[in-house]
Amino acid sequence: MTRTAYAVIHLKAIRHNVQQARLAAPNSKIMAVIKANAYGHGLLRVAQALNPLVDGFAVARVQEGVCLRKAGFKQRIVVLEGFTELEELQNLLNFDLEVSLHSPHQLEILKHQTESKQLGAWVKIDTGMNRLGFKAHEVNQVFEQLSACNVVKKPLNFMTHFANADDVNDLKTSQQIELFNQLTANYKGEKSMANSAGILAWQDSLTDWVRAGIMLYGISPFADSTGGQLNLQPLMSLYSRLIAVRDVAAGETVGYSGTWTSSSATKLGVVAIGYGDGYPRYAQIGTPVLVNGERVPLVGRVSMDMITVDLGLNSTAKAGDSVTLWGEKLPIEEIAICSNTIPYTLICGITPRVEIVESKHSEALFSS
Ligand SMILES: *Cc1c(COP(=O)(O)O)cnc(C)c1O
């Protein structure tokens, strides 16, 4: 059947991207972050591709970890948000999932456990993100309390998360690194600080484990570069087709609310993709789209099922021709900037209507 909106997942790119992480952090183990359905790429698909290449997985929720175990994955798996309910703790223990511990609420639950199984644990230290984690002055006391909990495996491990690592000039990251090192210097367990931005820009943050997320998907964690510029290869390319080519006279408006008016006669391409597929509703007029490999600007509003592009008066494009929304030859980082968002939200936002096509090869599957 002819495809309309579909995403090609280039699994081969992930091997290359893991290699880049290894080159940047040669002495660290790699925990691949595959939360949120592997950033929209498919949890089990991506876990399968990464399985022989990385040293462990990280997810956000207990349920994501359970899903990996049920599928048979044997790697270490860390649940970054930890648990809130006793039932979640039981699942962590039953499925041998490790956990980040960040709150007194969790310590209270752990204290009352008599379970013989043991929980692999990472004490999360808040070094400046101010989201999850124990404050600097609490760390020693938390360590003492957890040391007395039989249900918690020893030695305890430690992690922190950066707030501003994507800005390579922001000294906050250096301060976070220094504070974390100070607070954990006397403890034996494994340590982990770096996300993708840390791996690529903050040498001092490379400890026992790095937590690679966005870079594994071939995307830059920095606002001012693309994955390609960092020698990463995009894992996802999003495609669709032209479903109509229409003549528009000078002075006509296009789409809802008539936000765009043609300044001269032109040809308008209608593409079968919209916010119902996860294409960003806020993509501005001028956002680049590739039609048959040529850049053309988005014009008018993004609607649920369609967008419109200005093909130019002399275009020979026709219904059925291929359109690239992002991926190979059209960096998603550019689309994110044009949509006033970050690439993370674009890849996570692909909806179930978009057909997923796996490619084990490096070249695109598309033939128009
Ligand atoms: C999501 C997440 C990561 C990965 O971040 P990237 O920017 O995608 O590399 C690492 N650590 C924690 C705690 C996270 O929540």
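The values are calculated or read from the model by the stated rules, or taken from the named source; none is laboratory data. Note that this is a predicted model, so its numbers are computed, not measured. Every residue, glycine as well, gets a Cβ built from its backbone with ideal geometry; the counts of neighbours run over all protein chains shown.
If I go through the range 221-273 residue by residue, how many of them are in contact (Cβ under 8 Å) with a residue 24 or more places away in the chain, of a type in the set (Ser, Thr, Tyr) and surrounded by fewer than 13 Cβ atoms within 10 Å (Cβ to Cβ)?
3
Please identify the pairs in which a residue from the range 154-176 that is closer than 19 Å to residue 76 by Cα and of a type in the set (Lys, Arg) has its Cβ atom under 7 Å from the Cβ atom of a residue that is within 16 Å of the ligand (Cβ to nearest atom) and part of a helix (DSSP H, G or I), counting only partners at least 6 apart or on another chain.
Matching pairs, first to second residue: none at all.
For residue 152, indicate whether it is of a type in the set (A, V, I, L, M, F, W, C), out of contact with any Ser or Thr (no Cβ under 7 Å at 6 or more places or on another chain) and outside the structural domain of residue 329 (by TED's automatic domain parsing). Don't jump to the end; show me each part of the working.
Numbers: of a type in the set (A, V, I, L, M, F, W, C): yes; out of contact with any Ser or Thr (no Cβ under 7 Å at 6 or more places or on another chain): yes; outside the structural domain of residue 329 (by TED's automatic domain parsing): yes.
Yes, satisfied.
Consider the range 315-344. How many of its residues are among the β-branched types (Val, Ile, Thr) and buried (at least 19 other Cβ atoms within 10 Å of the Cβ)?
So in the range 315-344, the residues among the β-branched types (Val, Ile, Thr) come out as 316, 323-324, 332, 335, 337, 341-342.
Filter again for buried (at least 19 other Cβ atoms within 10 Å of the Cβ), leaving 323-324, 332, 335.
Counting residues in the range 315-344 that are among the β-branched types (Val, Ile, Thr) and buried (at least 19 other Cβ atoms within 10 Å of the Cβ) gives 4.
Collect the residues in the range 219-236 that are touching a Gly at 6+ places or on another chain (Cβ under 7 Å) and within 17 Å of residue 24 (Cβ to Cβ), keeping them in residue-number order. Explain how you work it out, then say what you get.
Going residue by residue through the range 219-236, those that are touching a Gly at 6+ places or on another chain (Cβ under 7 Å) are 219-220, 227, 232-236.
Listed by number, the residues that qualify are 219, 220, 227, 232, 233.
Taking the stated definitions as given, is residue 217 within 22 Å of residue 7 (Cβ to Cβ) and within 14 Å of the ligand (Cβ to nearest atom)?
Details: within 22 Å of residue 7 (Cβ to Cβ): yes; within 14 Å of the ligand (Cβ to nearest atom): yes.
Yes: the conditions hold for residue 217.
Please find, among 99, 62, 78, the residue that is crowded, with 23+ Cβ neighbours inside 10 Å, in contact (Cβ under 8 Å) with a residue 40 or more places away in the chain and among the β-branched types (Val, Ile, Thr). Let's see the steps before the verdict.
Details: 99 fails: in contact (Cβ under 8 Å) with a residue 40 or more places away in the chain; 62 fails: in contact (Cβ under 8 Å) with a residue 40 or more places away in the chain.
The conditions single out 78.
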